[in-house]
């Protein structure tokens, strides 16, 4: 692989203990820690080549414009700042194998792959901590896509953000029976994006301080449940954390409601399914599409449940591995 060109693959992730709110919007430092599961077989593949004739950013086959282009090139400016080499203009090509409108945080996988490929192409260290810090500055949740399995994004306390980094809590193979099904109820673009929604909640929701304290306290509980592979405890925690995040958003001024009638229809059907013996719980980011946690032995049954509730697509996932360099 050329020292001026590198290609990386990374998976998206879904947080079971959510990240919702920045204490530093420039460095993208969170108010509290979060915990996520990396999702396979979904992935983004990104190639970075320095020394191109001119800067070019192609995302999913289309030349990027506006904010998307600015965010990508800004991250690579940080790569340039870390070396004395004259790297020149850069060409970026990034493509994903999953629906971008499904609420699957494609930016997390995209910036994790971009950070890894960018540092490799520039001849810089690709150790996970360095890649995670860089990915975080592109998209906060991207720092949790650098490693596989279950990862914790540590809040940190330093103003420069050096200790706000994601580390792996459990490897990809720790819980092979775990399944996560994305129930796509709507592909419509949400009116208020996550970045703006977080800022609005931080500034105006009276529930926000309680949210920060509660979410931080859930991290050790989630770690204990995952260590024991206890889906019932982890599922209950995941649902509780999601409800509380959305309650915080609903209490903002003006209120932020990311749920649709179909969202409520599906997640309110889960207690009855559990009473029938189906182990299924949900988590829900800032959007209308729940992710359903279950076991491999019940995957087909949970997919049927999601489709009966109106899902237009169900994306089956399992814990994924580390972001990695590959041949283009």
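Numbers below:
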{"quantity": "Mean projected area in nm² (Cα convex hull; one quarter of hull surface) for the range 5-171", "calculated": "9.1"}
{"quantity": "Helix-only mean residue ellipticity at 222 nm for the chain, each DSSP H run of n ≥ 4 adding -39500 (n - 2.57), per residue, nearest 500", "calculated": "-11000 deg cm²/dmol"}
{"quantity": "Relative contact order [Cα under 8 Å, 6+ residues apart], the chain, whole percent", "calculated": "26"}
{"quantity": "Fewest-first ranking of 22, 213, using other Cβ atoms within 10 Å as the exposure measure", "calculated": "213, 22"}
{"quantity": "Helix 194-204 axis, angle to the chain major axis (alpha carbon atoms, nearest 10°)", "calculated": "70"}
{"quantity": "The range 78-156 - Rg (one decimal) and Dmax (whole number), Cα, Å", "calculated": "13.1, 40"}
{"quantity": "More than 19 angstrom apart: percent of Cα pairs within the range 178-319", "calculated": "53"}
{"quantity": "Alpha carbon centroid spacing (whole Å) that separates the range 116-163 from the range 276-314", "calculated": "30"}
{"quantity": "The range 178-230 - Debye-derived log10 I(q)/I(0), Cα point model, q = 0.13, 0.24, 0.32 Å⁻¹", "calculated": "-0.60, -0.93, -1.12"}
{"quantity": "Packing-based order for 5-12, 190-197, using average beta carbon neighbours within 10 Å, highest first", "calculated": "5-12, 190-197"}
{"quantity": "0 to 90° range, to nearest 10: angle between helix 208-227 axis and the chain longest Cα axis", "calculated": "90"}
{"quantity": "Exposure proxy order (Cβ contacts within 10 Å, fewest to most) of 132, 145, 205", "calculated": "205, 132, 145"}
{"quantity": "Max mean-square fluctuation residue, GNM over the chain, Cα-Cα springs under 10 Å, options 94, 56, 36", "calculated": "56"}
{"quantity": "Cα-based convex hull volume of the chain per residue, rounded to whole Å³", "calculated": "124"}
{"quantity": "Cα principal axis extents for the range 36-113, largest first, Å", "calculated": "38, 26, 19"}
{"quantity": "The range 246-296 - convex hull of alpha carbons, volume per residue in Å³", "calculated": "76"}
{"quantity": "Peptide ranges 315-323, 217-225 listed from the most packed, as the mean C-beta count within 10 angstrom indicates", "calculated": "315-323, 217-225"}
{"quantity": "Taking the C-alpha atoms of the range 277-316, convex hull volume expressed per residue in Å³", "calculated": "71"}
{"quantity": "Zero-based 10 Å bins, Cα pair distances in the range 156-198, whole percents", "calculated": "17, 21, 32, 30"}
{"quantity": "The chain - share of DSSP beta bridges that are antiparallel (%, nearest 5)", "calculated": "90"}
{"quantity": "DSSP-defined beta bridges in the range 178-319 - what % are antiparallel, rounded to 5", "calculated": "100"}
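Read-outs: derived from the displayed coordinates by stated rules, not from any lab. Remember, predicted model here, so these are calculated numbers, not experimental data. Here Cβ is always computed from backbone atoms with ideal geometry, including for glycine, and neighbour counts include all displayed protein chains.
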